[in-house]
Amino acid sequence: MTKGGMESVELFTTEGKGRGLKAQKEFLPGDVIFAEPAYAAVVFDSLTQVICHTCFKRQERLHRCGHCRFAHYCDRTCQRAAWLEHKQECSALKRHGKAPSENIRRGQEELRADAHSAGVVEELALPAPELRRGTASCGTHSTKKIQSSGHRGTCAPDWHGLVWWFGSSLPPPTLCNGFTLSDQRGLQAVGVGIFPNLCQANHDCWPNCTVIFNNGNHEAVRSMFHTQMRIELRALSKISAGDELSVSYVDFLSLSEERRRQLKKQYYFDCTCEHCKKQIKDDLMLAVREGENKPSAEAVKEVVQFSKDTLEKINKARMEGLYHEVVKLCRECLKKQEPVLGDTNIYFLRILSIASEVLSYLQMFEEAADYAKRMVDGYLKIYHPNNAQLGMAVMRAGVTHWHAGLIQAGHGLICKAYAILLVTHGPAHPITKDLEVMRVQTEMELRMFQQNEFMYYKMREAALKNQKIQVMPEPSNETSPSLFHKKE
């Protein structure tokens, strides 16, 4: 890899793990190891009218293609930039009168990328023809293993549908992991893309890198790939020359057995990372109350089962928008959990997370802040100190405390979140910029609070009477966007 900042990364092959990436120089936490534009990317079917088909940003008002009336764009700039990719799809849409599935559209994007690969093939770890022949591995998830399992690929498009739709004789599908694309603030999964270099990175439950999508206005990327969206591989810890670069395909907040089961089901490999082999952190995630009144094994089993049953009821209530019912269920569950489960028990933390999120949405900030603080205290003992999920959770807790009028705790949490997201997202990411604004605002309010506490609360009360509090986004059942995309 010699261009696009990839000269410091080397592709290698190891027995049993397939291809992988390793560093050719030292990296420090927060360093961008390399950035890569999407080889092919499409918006999810359910979001085609609210997400720009070029830069994948969520916008209130989008321009619609006047010919097919299917593709939507931020503005004319994005629309013009997308025309080379969109014109074949546009013709097919007008011919058939309806839109194909995202899987067919992604296949068409890959074919379009193949057609233009002559000018960009030096940017790829594997040239497009090699990917197209199906000899490419997906890091840990090798093509050979996919074929032996009878699976056509983690994100293989519907090739029969693609042939019918575009009416041509097409080569076999790409066997390559698809990455879930998030919106500009990383809060919602909005599409799926193919990144040939990054898909070579192997999995580790405790990785030394993280993947962040940057929807910024990168002129160099736009001029090469006609898109504003790129992916960044960022270092989470110090990486020495020769070290393998790893990312996590799943959220760490699960028992090692559950993570291995999920990886086997979705990506067809057995995780052999140190944290899975040694079951590191499992003891914290299964923690029970210590002391003289330590609960019995039977009591723990009963509460864990009650927690699982409650989580199912909560998911149903959330789907129906019954948020007060969710709060009731959370309170009842926490009452049973607190005398039995430890502060880092995953079932306790999951209920705390839901309770704080829903209570914040209902503007019951003081109770939400208490639950959020306990949740963060548990997360800090389990997650990697520079984990992006941890940073987002700490940020939400900080905002909840700020809304509750707990300015000292709120500012402290926002500063902690800012330090984490500087590493995981970088200073130019939209969510980091938002957090910097909050950090400056809470710092100003904290100074006012320290100078005159009484006057601070009087001014805060007056401000709230004239300005509605900005509430949290409506809760949803969708978890944080996962790294790799699996088409069910």
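Here are some notes:
- Phi angles of segment 268-282 translate, via the Karplus equation with coefficients 6.51, -1.76, 1.60 and θ = phi - 60°, into HN-Hα couplings of 6, 8, 9, 6, 10, 5, 4, 5, 7, 4, 9, 6, 5, 6, 4 Hz per residue; Gly and Pro are given as x.
- Charge tally for Glu445 (other residues, Cβ to Cβ under 14 Å; Lys, Arg +1; Asp, Glu -1): +1.
- Each listed q (0.09, 0.10, 0.14, 0.20 Å⁻¹) maps to a log10 I(q)/I(0) for segment 284-465, found by the Debye formula over equal Cα scatterers with no solvent: -0.38, -0.46, -0.84, -1.27.
- Neighbourhood charge, 13 Å Cβ-Cβ cut-off, centred on Gln49 and excluding it, Lys, Arg +1 and Asp, Glu -1: +2
- His67-Gln305 pseudo-label distance in nm [points 7 Å out on the Cα-to-Cβ vector]: 6.2
- Electrostatic tally near Asp75: other residues with Cβ closer than 11 Å to its Cβ, Lys and Arg +1, Asp and Glu -1, net +4.
- Sequence-distant residues sharing a close amide H with Leu341 (under 5 Å, placed H): Arg289
- For segment 284-465, the number of Lys pairs separated by eight or more positions or lying on different chains, with C-alpha atoms closer than 14 Å, is 8.
- By the Kirkwood approach, averaging reciprocal distances over each pair of separate Cα atoms, segment 257-310 gets a hydrodynamic radius of 13.4 Å.
- The phi-based Karplus calculation (6.51 cos²θ - 1.76 cosθ + 1.60; θ = phi - 60°) puts the 3J(HN,Hα) values of segment 70-78 at 10, 6, 10, 9, 4, 7, 5, 4, 5 Hz, whole numbers, x for Gly and Pro.
- Percent of Cα pairs in segment 377-442 per distance bin of 10 Å, from zero to the largest separation: 25, 54, 20.
- Converting phi to 3J(HN,Hα) with the Karplus coefficients 6.51, -1.76 and 1.60 and the offset θ = phi - 60°, segment 28-34 yields 10, x, x, 5, 7, 6, 6 Hz in sequence order, with x at every glycine or proline.
- Gain on full extension, evaluated as 0.36 nm per residue between Glu338 and Glu320 minus their Cα-Cα distance, stands at 3.7 nm.
- Average accessible surface area per residue within segment 284-465, 1.4 Å rolling probe, Å²: 49
The values are calculated or read from the model by the stated rules, or taken from the named source; none is laboratory data. Because the structure is a prediction, the values reported are computed rather than measured. Backbone-built Cβ (ideal geometry, glycine too); neighbour counts: all protein chains shown. Areas reflect the complete protein model, heavy atoms only, side chains present, ligands, DNA and RNA absent. Shrake-Rupley method; radii C 1.70, N 1.55, O 1.52, S 1.80 Å.
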